[in-house]
Amino acid sequence: MLCLGALRPAFESDVTMIRPHRLAYLLVTPARNEERFIEGTIESVVAQIVAPQKWVIVSDGSTDRTDDIIRKHAAQHSWIKFIRRPEHMERHFAAKVRCFNFGYDAVCANNYDIIGNLDADITFERDYFEFLLGKFAEDSRLGVAGTPFVEGGVSYDYRFASMEHVSGACQLFRRKCFEEIGGYMPVAGGGIDWIAVTTARMKGWKTRTFLEKVCHHHRPMGTAAAGTFRALYSLGRQDYFLGGHPLWEFCRAAFQMTRKPYAVGGLVLLAGYLKALVGRIERPVSAELVRFHRGEQMQRLRQAFSKIRP
């Protein structure tokens, strides 16, 4: 299929002259059984000062009222495109990537400057995308951008995290960057957003979480103790198969011990990592990405230790 906008440049050479509303952006939202939250997400996007030129919402075999809610709004807004995938039994992160790709492949990406991956349980203020588009307009080397997400009134403490990582709740990519990294990697065990953002930095793009804005995550992620321990164990395991350095993991576990659930949480995190290390589980990422990732971790540790030296 010939894309009519194929000759349109991804971004203009004089980026200082670009205004946010001149950057055309595409949103893709995979959704499965999101009847409780997706209407809030749709209302947030519809209310944006700078609306997307196209928003593809893919129902991934939903069995609740998700499809009806999407259809209702798609009938009211021509730039919302509804697609349904057949029902299936897959329940892992690779399925989410396949759902995203199903929607992404349904449009001509060459017509857009910015590609956005938006979860179906997120809300934000009216100027949210205008703000992020402004950041792309200011810096032609910005490849991935987003904001922190708030859940239950709590956000991640970015004093202890890199602002170069961008949460998967809402990630915006410059199209050229998205194409260079090859899109999302379908990894069943998770880390798909991390792989995309880290690969972008490895290829020379800037990635950034901007703290001036937030988005709100509404689907409960589980607060029971057993659920917390399973999540920490899985996180430690994921840290290994994504190539995390052992020294970094020990430091991360020590930090986790200072947060609820005190002491035990850090031990569970470390147990997940060590079990994966001993079992030598297969890593889905390249050796090149592992080296780059570990290099970043060691640099951050050196910076942290330099600040506490007398």
Checklist line | Separation between Cα centres of the stretch 57-76 and the stretch 231-310, rounded to whole Å | finding: 39 Å
Margin query: If you wrap a convex hull around the alpha carbons of the stretch 204-310, what volume per residue comes out, as a whole number of Å³?
Written below: 164 Å³
Margin query: What number comes out for accessible area per residue over the chain if the probe is 1.4 Å? Units Å², please.
Written below: 50 Å²
Next item on the list: Just check the stretch 268-310 against the gyration tensor rule for me: Cα atoms, a ≥ b ≥ c as the square roots of the eigenvalues, rounded for a/c under 1.5, and otherwise prolate or oblate depending on whether a/b exceeds b/c.
Entry: oblate
Checklist line | Within straight-line cross-link reach of residue 72, lysines at Cα separation under 22 Å, skipping those fewer than 8 residues along the same chain | finding: 54, 81
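Within the stretch 73-111, list the trypsin sites (Lys or Arg not before Pro) lying in a DSSP loop whose Cβ has at most 12 other Cβ atoms in a 10 Å radius.
Details: sites: 81, 84, 91, 96, 98; in loops: 91.
Listed in order of number, the matching sites are 91.
Suppose every Lys and Arg Cβ carries +1 and every Asp and Glu Cβ carries -1, with no other charges. What dipole size does the stretch 22-110 come out with about its Cα centre, to the nearest 20 debye?
Rounded to the nearest 20 debye, it is 240 debye.
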Check: Can you tell which of 103, 116, 265 shows the greatest fluctuation in a Gaussian network model of the chain with Cα springs below 10 Å?
Finding: 265
Checklist line | GNM top mover of 71, 201, 259 - the chain, alpha-carbon springs below 10 Å | finding: 259
Next item on the list: Set the Förster distance to 30 Å, then compute FRET efficiency between residue 111 and residue 72 from the Cβ-Cβ distance, nearest 0.05.
Entry: 0.70
Checklist line | Of the GluC sites (Glu not before Pro) in the stretch 19-119, those whose Cβ has at most 11 other Cβ within 10 Å and which sit in DSSP loop | finding: 87
Notebook entry, point to check: What pairs from 176/203; 96/260; 135/206; 176/213; 176/206; 203/275 go past 20 Å between their alpha carbons?
Noted result: 96/260; 176/213; 203/275
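Return the calculated 222 nm mean residue ellipticity for the chain, to the nearest 500 deg cm²/dmol, obtained by summing -39500 (n - 2.57) across DSSP H runs with n ≥ 4 and dividing by the residue count.
Working: 10 runs with 127 residues, N = 310.
Helix-only estimate at 222 nm: -13000 deg cm²/dmol.
Run the numbers for residue 275 and residue 300: contour at 0.36 nm per residue of separation, minus the present Cα-Cα distance, in nm. Working shown, then result.
Working: separation 25, 0.36 × 25 = 9.00 nm, distance 2.49 nm.
Here the answer is 6.5 nm.
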Check: By how many degrees, 0 to 90 and rounded to 10, does the Cα axis of helix 192-202 deviate from the longest principal axis of the chain?
Finding: 90 degrees
Margin query: Could you work out how much longer the chain between residue 290 and residue 234 gets when fully extended? Use 0.36 nm per residue separation minus the Cα distance between them, nm to one decimal.
Written below: 18.3 nm
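Go ahead and run the numbers for FRET between residue 87 and residue 255, Cβ-Cβ distance against an R0 of 30 Å, rounding to 0.05. Walk me through the intermediate numbers first.
Details: r = 42 Å, r/R0 = 1.39.
Between residue 87 and residue 255 the formula returns 0.10.
How much length is gained on full extension from residue 48 to residue 210, taking 0.36 nm per residue of separation minus their Cα-Cα distance? Mind showing how you got there, number by number?
Working: separation 162, 0.36 × 162 = 58.32 nm, distance 1.82 nm.
My answer for the length gained is 56.5 nm.
The values are calculated or read from the model by the stated rules, or taken from the named source; none is laboratory data. Predicted model, so just to flag it, every value in this text is computed and none were measured. Glycine gets a Cβ as well: all are built from the backbone with ideal geometry, and neighbour counts include every protein chain shown. Each accessible area value is taken on the protein alone, full model and side chains, heavy atoms only, with ligands, DNA and RNA left out. Shrake-Rupley method; radii C 1.70, N 1.55, O 1.52, S 1.80 Å.
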